[in-house]
Amino acid sequence: MMSSMVNSKSRFSIPGYLVGPFLILIVAMIYGSLGSEYFLQPSSIVFNTGRYIEIGLLALALTFVIINGDIDLSVASTLAASAGVLAKLFESGVPIVWCCVASVFTGFILGLLNGLIVIKFGLPSLVVTLATLALYRGLTQVMLGDGVVADYPESFVGFDQRLVIGGSPGLPAPLALFIVASIIFYYILHRSNYGLKNIMSGSNPSSSNFSGISVNNVRLIAFALSGTVAGVCAVMITSRLGSTISNVGLGLELLAITAVVLGGTDIFGGRGAISGTVVALFAIMAVREALVIQDINGQVQDAAIGLLLILTVLVPRIRSYYVEQRNRKKRFNESQTRT
Amino acid sequence: MATELKSKVTYIFKKREFGIFLFILILLAVFGSLEPRFFRSDNLSAILSSVGILMVVGAGQTLVIVTRNIDLSVGSSLGMAAMVMGMVARSRPDFSIVGLILIAMVVGGICGLINGLLVSYGKIPSIIATLGTLAIFRGAVFVVSDNVQIDPNDVPKGIIALSTTSPIGIPWLLIFAFLSIVLVWYISSQTLLGKRIYAVGSNPEGAISRGLSFNKITIMVFVFVGVLAGLGGVLYTARYATINPADVGRGLEFDVISAVVIGGTNIFGGSGTALGTALGCILIGILSNGLTVVGVSPFWKACATGFLILAAVAIDNLVRKRQEENFLLAIRNQRTVK
């Protein structure tokens with residue numbers, strides 16, 4: 001019964017939330033290819049994905065948090081704190097493998113802490129994660145000061161340069177990881193028991209509670225998941241950059257949240273899809289790279305993403321407004337002719 | 001019965017702000033005893049002028065949060081207003097100071113109007129709409145200024161004088177901060193509009209079914225915070241004398257929202273006072289200055305702010321729960337007496 005509810009075709013037959021991101025993706029592709037003939041070459045596209053994979057992973061995990069009706073503003077700071085722990089342990093001579101494990105564990109603990117504060121004290125997640133955004137970033141600054149930790153071993157650095165499948169476009173390791181992660185998260189959200197509970201407790205917390213779903217546990221798991229993924233991203237970003245400073249990943253949370261919302265997940269919870277987040281991530285990537293090719297300032301690139309965010313929410317609203325008005329007029333005319 | 005309940009409610013409101021006030025006194029005592037230089041007049045005036053900008057914008061943000069919305073774009077609107085004002089001043093050095101201030105406020109108001117229209121008629125959740133405009137306005141600052149900063153030579157002397165000179169011994173900057181807090185206090189507690197703003201925040205459906213124009217009130221509060229952010233842009237220019245497109249007002253939204261939340265405004269709307277916000281701003285100002293003066297590494301500042309927000313919200317929540325219990329008890333007692 002449960003699986004039939006998830007599998008039912010009517011739910012995903014017309015994925016309206018994918019229309020906007022896909023349109024943006026196509027337009028950005030065309031615009032970028034006007035700037036340079038190399039823009040649409042598979043190898044350059046694949047190469048460009050490397051810098052966005054952390055944002056993508058954070059966005060995938062945030063999808064669960066946002067479907068619950070919560071928000072986690074602290075993901076980038078959690079990432080920084082995990083990277084800080086990794087760097088500090090490495091400096092004191094711990095083998096790099098254990099540093100990575102500690103980094104992921106730190107992310108898990110910090111995410112769990114977010115969830116526990118939100119649930120045990122009954123506080124709004126917006127405020128709590130705003131506070132931990134400052135708190136975790138502050139911890140990173142206290143740990144690292146204004147120093148730089150570098151000199152990571154050869155075998156650890158350059159994760160994004162490695163190819164899982166060789167060849168001329170090839171498949172770089174981060175992209176492969178992202179594909180695997182999206183498939184796993186897709187199964188968790190749309191095919192598993194947890195995903196169903198996640199969507200149900202987001203759309204109606206109190207009735208879910210009465211029907212035997214522990215809404216608080218579902219929310220706690222989502223927060224812990226988001227923290228853990230931030231810990232994994234900390235390892236990736238350290239390997240990619242080859243050094244750690246205290247402002248690592250500053251502002252990534254806004255891009256990640258933008259990707260989730262652009263992908264059609266309702267900011268008030270109860271609705272959302274992994275496919276939306278994935279397509280939205282690639283749309284954001286295409287827009288930014290197209291603007292880079294056209295030599296446009298970074299702040300203006302952010303502005304373009306912001307504008308797209310607003311338009312993807314606004315345009316369907318305007319459309320439905322006009323459709324409703326037309327229907328109302330039709331009903332009015334029908335009632336006039338009847339009398 | 002009504003008066004008794006009212007006195008009870010006002011008593012608790014007073015108590016909440018009293019708690020922040022007490023905490024400020026404790027901080028002052030701690031910092032002062034650790035480092036006597038903390039109480040030197042130049043240090044105190046440095047604290048106050050950084051608090052002033054926060055207070056002007058925080059006053060507006062309080063009303064926005066009371067209506068269950070949030071404005072993340074205040075830092076960028078402030079930057080936009082300051083930049084446009086600076087460019088007018090650069091191209092026409094003889095422009096009057098009052099005119100420049102008005103220009104900044106109008107530009108801020110337009111930014112607020114855009115936010116308000118998106119949230120009210122566009123029906124976009126305010127956190128998404130202002131997350132978008134946060135980036136858009138910042139991009140607009142770059143486009144308008146062509147990525148060229150306004151140098152101190154191009155900022156009129158009259159604007160810089162706002163942070164130093166004064167008619168009555170207090171710099172204009174603080175007078176503006178004080179006036180905006182008083183204005184928000186007046187609107188929220190003395191006018192019908194204020195009652196409507198709080199009504200929309202505490203029960204939107206109820207307010208709409210009572211015939212309040214939800215959209216009009218939403219637009220009004222957003223324009224209000226925009227105008228105050230424009231004024232904040234003037235004060236920012238007065239204090240720092242340069243307007244850099246990347247730096248002006250960046251990250252201000254975080255400090256402002258922290259101050260408002262520490263001041264006891266409920267992030268879910270319906271309650272919050274101007275006095276609380278003012279105290280929250282002062283608390284943040286004292287904390288960040290005091291840590292530096294006492295010699296604690298500035299890296300602890302972000303940690304301290306984070307802890308402070310958590311503590312403020314947790315205590316606030318406990319107070320609110322107890323208040324609700326007392327309220328219910330009072331009603332029950334009234335019933336049994338009758």
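Worth a mention:
- Any hit, segment A:122-143, residues being farther than 22 Å from residue B:127 by Cα, surrounded by fewer than 24 Cβ atoms within 10 Å (Cβ to Cβ) and either at pLDDT below 90 or under 20 Å from the mean Cα position of the chain (by Cα) (or both): no
- A single entry from B:218, B:133 fulfils the requirement of being within 13 Å of chain A (Cβ to nearest Cβ), among the polar types (S, T, N, Q), surrounded by 15 or more Cβ atoms within 10 Å (Cβ to Cβ) and in contact (Cβ under 8 Å) with a residue 60 or more places away in the chain: B:133.
- Breaking point among (1) crowded, with 18+ Cβ neighbours inside 10 Å; (2) touching a residue at least 60 places away in the same chain (Cβ under 8 Å), for residue A:247: (1)
- Only one of the numbered conditions (1) more than 10 Å from every other protein chain (Cβ to nearest Cβ); (2) within 17 Å of the chain's Cα centre (by Cα) is violated by residue A:302, and that is (1).
- Output for segment B:102-119, where each listed residue is more than 20 Å from the chain's Cα centre (by Cα) and crowded, with 22+ Cβ neighbours inside 10 Å: B:118
- Boolean, residue B:318 is touching a Ser or Thr at 6+ places or on another chain (Cβ under 8 Å) and either within 14 Å of chain A (Cβ to nearest Cβ) or under 26 Å from residue B:218 (Cα atoms) (or both): no
- Residue in segment A:25-43 that is nearest to the chain's Cα centre (by Cα), counting only those that are buried (at least 16 other Cβ atoms within 10 Å of the Cβ) and assigned to a helix (DSSP H, G or I): A:25
- Taking the numbered list (1) over 26 Å from residue B:79 (Cα atoms); (2) assigned to a helix (DSSP H, G or I); (3) among the acidic types (Asp, Glu) in turn, residue A:266 passes all entries but (2).
- When segment A:213-243 is filtered for residues that are among the polar types (S, T, N, Q), over 14 Å from the mean Cα position of the chain (by Cα) and crowded, with 20+ Cβ neighbours inside 10 Å, the ones remaining, listed by number, are A:238, A:239.
- Selection over segment A:88-121 of residues that are buried (at least 18 other Cβ atoms within 10 Å of the Cβ) and either at the interface with chain B (Cβ under 10 Å from one of its Cβ atoms) or not in a helix (DSSP H, G or I) (or both) gives a count of 1.
- Among the candidates B:153, B:147, residue that is within 13 Å of chain A (Cβ to nearest Cβ) and either polar (S, T, N, Q) or within 30 Å of residue A:318 (Cα to Cα) (or both): B:147
- Screening A:255, A:307, A:281, A:311 for residues that are part of a helix (DSSP H, G or I), closer than 25 Å to residue B:137 by Cα and without any contact (Cβ under 8 Å) to a residue 60 or more places away in the chain leaves exactly one candidate, A:307.
- Taken together, the criteria exclude residue A:277 from residues that are farther than 30 Å from residue A:36 by Cα, in contact with a helix residue (DSSP H, G or I) (Cβ under 6 Å, 6 or more places away or on another chain) and among the hydroxyl-bearing types (Ser, Thr, Tyr).
- Looking across segment B:240-263 at every residue that is of a type in the set (Gly, Ala, Ser) and over 20 Å from residue B:304 (Cα atoms), the one that is surrounded by the fewest Cβ atoms within 10 Å (Cβ to Cβ) is identified as B:246.
- Within segment B:269-300, considering residues that are more than 20 Å from the chain's Cα centre (by Cα) and in a loop (DSSP other than H, G, I, E, B), the one farthest from the other protein chains (Cβ to nearest Cβ): B:295
- Unmet criterion (only one of (1) of a type outside the set (Gly, Ala, Ser); (2) more than 7 Å from chain A (Cβ to nearest Cβ); (3) over 20 Å from the mean Cα position of the chain (by Cα)) for residue B:303: (2)
- Positions within segment A:134-147 being facing chain B (nearest Cβ under 7 Å) and either touching a residue at least 24 places away in the same chain (Cβ under 8 Å) or in a loop (DSSP other than H, G, I, E, B) (or both), in sequence order: A:134, A:135, A:137, A:139, A:141, A:145
- When segment A:244-261 is filtered for residues that are within 10 Å of the chain's Cα centre (by Cα) and either over 24 Å from residue A:69 (Cα atoms) or hydrophobic (A, V, I, L, M, F, W, C) (or both), the ones remaining, listed by number, are A:252, A:254, A:255, A:256, A:257, A:259, A:260, A:261.
- Qualifying positions in segment B:224-268 - more than 11 Å from chain A (Cβ to nearest Cβ) and under 25 Å from residue A:129 (Cβ atoms): B:225, B:229, B:249, B:252, B:256, B:259, B:263, B:264
- Which numbered condition residue A:289 fails, given (1) within 14 Å of chain B (Cβ to nearest Cβ); (2) surrounded by 17 or more Cβ atoms within 10 Å (Cβ to Cβ); (3) farther than 27 Å from residue A:116 by Cα: (1)
- Enumeration of residues in segment B:285-306 that are touching a Phe, Trp or Tyr at 6+ places or on another chain (Cβ under 8 Å) and within 19 Å of residue A:140 (Cα to Cα): B:291, B:306
- All of (1) part of a loop (DSSP other than H, G, I, E, B); (2) in contact with a Leu (Cβ under 9 Å, 6 or more places away or on another chain) hold for residue A:151 with one exception: (2).
- Hey, residue B:228 within 26 Å of residue B:24 (Cβ to Cβ) and touching a Leu at 6+ places or on another chain (Cβ under 8 Å) or not: no
The values are calculated or read from the model by the stated rules, or taken from the named source; none is laboratory data. These numbers were taken from a predicted model, which means no experiment stands behind them. Glycine gets a Cβ as well: all are built from the backbone with ideal geometry, and neighbour counts include every protein chain shown.
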